[in-house]
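Encoded as structure tokens, the structure appears first; notes follow it.
The values are calculated or read from the model by the stated rules, or taken from the named source; none is laboratory data. Because the structure is predicted, anything quoted here is derived from the model rather than measured. Positions of Cβ are backbone-derived with ideal geometry, glycine not excepted, and every protein chain shown enters the neighbour counts. For accessibility, only protein heavy atoms count, side chains too; no ligands or nucleic acids. Shrake-Rupley method; radii C 1.70, N 1.55, O 1.52, S 1.80 Å.
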Amino acid sequence: MKVAILGCGYVGLELGRQLAARGHEPIGVRRSAAGLERIEEAGFEAVQADITDRAALAAVPDVDAIVFAASSGGRGAEAAREVYVDGLRTAIEAFGKREESPERLVYTSSTGVHGNHDGDWVDEETPLEPTTEKTDVLAEAERIALEHPPEYGYEGTVARYAGLYGPDRYRLERYLEGPVTEGYLNMVHRDDAAGAVRYLLAEDHARGEVVQVVDDEPASKWAFADWLADECGVERPPKRTKADRLADDDISAAARRRILTSKRCSNEKLRGVGYEFAAPTFRTGYRAAIERYRDESTD
């Protein structure tokens, strides 16, 4: 299986490594020369192209599947629309109009499209309630990923990611030092974010469907922070209620929305199609980071 990974960054590099290790042919696509170097260092083919530019995408060979894993770089709604809506539509059309079009598209979205559910469980059937301009854009992109490919004879899948963590993104200090505001964390390790997409493609699951990619255990932020502190051998961090944090004078509108957004994301569908997690919960996923922290603390 030949797979083009458009926007081959944090998750895309791991996806490429996993695909190559299993005998598939990943092709990483990045705009920058530095991005190409990282793909080559990961051990698979790299192509330089701006994924929002139809003409530039001609440099990417014909493939069996496209994974649209691009990022807007943490910028606002306008930049998100340029990448996730305009760029996604451009890629779908550019590959779909080829003589040898792909069979599948996987678009990587975010559980942020759910909005606030006051801590209740949400799954793929839960109606979307985006609460920001950016998550509204992500919801629109999900619709494009599912509805647009069939116009060109192939099918789309949405892999809806929870909060990503893993190498270079553990951020232990944030929780060890505190203060930690109450709420839930929905997480997935980088290796499983990539592994789930690889599995859905290789096993031919979820055509025309949404699948939430999240681990087994949504965690209370307070409980998670205390567990981390205990495992790292340090004092448990100070805590704040939502009301305490919302009372701060310096809180931004974006931070206020994040604090008020609470949900627990189910992975029952992903589990149901047979995917086995490398890190079923944070207890497994954070183990390497904790051991490194303890080793550095004793140096």
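With respect to Tyr199, is the statement that it is in contact with a His (Cβ under 9 Å, 6 or more places away or on another chain), among the aromatic types (Phe, Trp, Tyr) and in a helix (DSSP H, G or I) true?
Values: in contact with a His (Cβ under 9 Å, 6 or more places away or on another chain): yes; among the aromatic types (Phe, Trp, Tyr): yes; in a helix (DSSP H, G or I): yes.
So Tyr199 passes the test.
Hey, any hits in region 64-77 for a residue that's at pLDDT 95 or above, among the charged types (D, E, K, R) and surrounded by 22 or more Cβ atoms within 10 Å (Cβ to Cβ)?
No.
Which ones in region 119-175 are among the aromatic types (Phe, Trp, Tyr), part of a helix (DSSP H, G or I) and within 20 Å of Val67 (Cβ to Cβ)? Steps first, answer last, please.
First, the residues of region 119-175 that are among the aromatic types (Phe, Trp, Tyr): 121, 152, 154, 161, 165, 170, 175.
Within this subset, residues satisfying the condition of being part of a helix (DSSP H, G or I) are 152, 175.
Once the filter is applied, which keeps residues that are among the aromatic types (Phe, Trp, Tyr), part of a helix (DSSP H, G or I) and within 20 Å of Val67 (Cβ to Cβ), region 119-175 yields only Tyr152.
Taking into account only those residues within region 31-54 that are under 24 Å from Asp86 (Cβ atoms), open to solvent by 50 Å² or more (accessible area, probe 1.4 Å) and among the charged types (D, E, K, R), which is nearest to the chain's Cα centre (by Cα)?
Arg31
Every residue, every condition in (1) part of a loop (DSSP other than H, G, I, E, B); (2) at pLDDT 95 or above; (3) touching a strand residue (DSSP E or B) at 6+ places or on another chain (Cβ under 6 Å), yes or no:
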position	(1), (2), (3)
Ala194	no, yes, no
Asp204	yes, yes, no
Trp222	no, yes, yes
Val234	yes, yes, no
Ala254	no, no, no
Leu270	no, yes, yes
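Considering only region 5-102, give the helices (runs of 4 or more DSSP H) lying wholly within it that have at least 1 residues that are in contact with a Lys or Arg (Cβ under 7 Å, 6 or more places away or on another chain) and under 19 Å from Glu140 (Cβ atoms).
Output list reads 77-80, 88-96.
Which residue pairs have Cβ atoms under 9 Å apart, sit 6 or more places apart or on different chains, and have a first residue in region 77-95 that is in contact (Cβ under 8 Å) with a residue 24 or more places away in the chain and among the charged types (D, E, K, R) and a second that is open to solvent by 10 Å² or more (accessible area, probe 1.4 Å) and assigned to a helix (DSSP H, G or I)?
Close Cβ pairs satisfying both conditions: Arg81/Glu133; Arg81/Lys134; Arg81/Glu140; Arg89/Ile144; Glu93/Glu151; Glu93/Tyr152.
Would you pick out the residues in region 272-299 that are hydroxyl-bearing (Ser, Thr, Tyr), touching a residue at least 40 places away in the same chain (Cβ under 8 Å) and not in a helix (DSSP H, G or I)?
Scanning region 272-299 gives Tyr275, Thr281, Tyr286.
Just checking, which of Gly195, Gly163, Gly156 is under 15 Å from the mean Cα position of the chain (by Cα), crowded, with 20+ Cβ neighbours inside 10 Å, of a type in the set (Gly, Ala, Ser) and within 23 Å of Tyr10 (Cβ to Cβ)?
Numbers: Gly163 fails: crowded, with 20+ Cβ neighbours inside 10 Å; Gly156 fails: under 15 Å from the mean Cα position of the chain (by Cα).
Checking each option against the conditions leaves just Gly195.
Table: residues versus (1) hydrophobic (A, V, I, L, M, F, W, C); (2) touching a helix residue (DSSP H, G or I) at 6+ places or on another chain (Cβ under 9 Å); (3) surrounded by fewer than 19 Cβ atoms within 10 Å (Cβ to Cβ).
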| position | (1), (2), (3) |
| --- | --- |
| His205 | no, yes, yes |
| Asp215 | no, yes, no |
| Trp222 | yes, no, no |
| Leu228 | yes, yes, no |
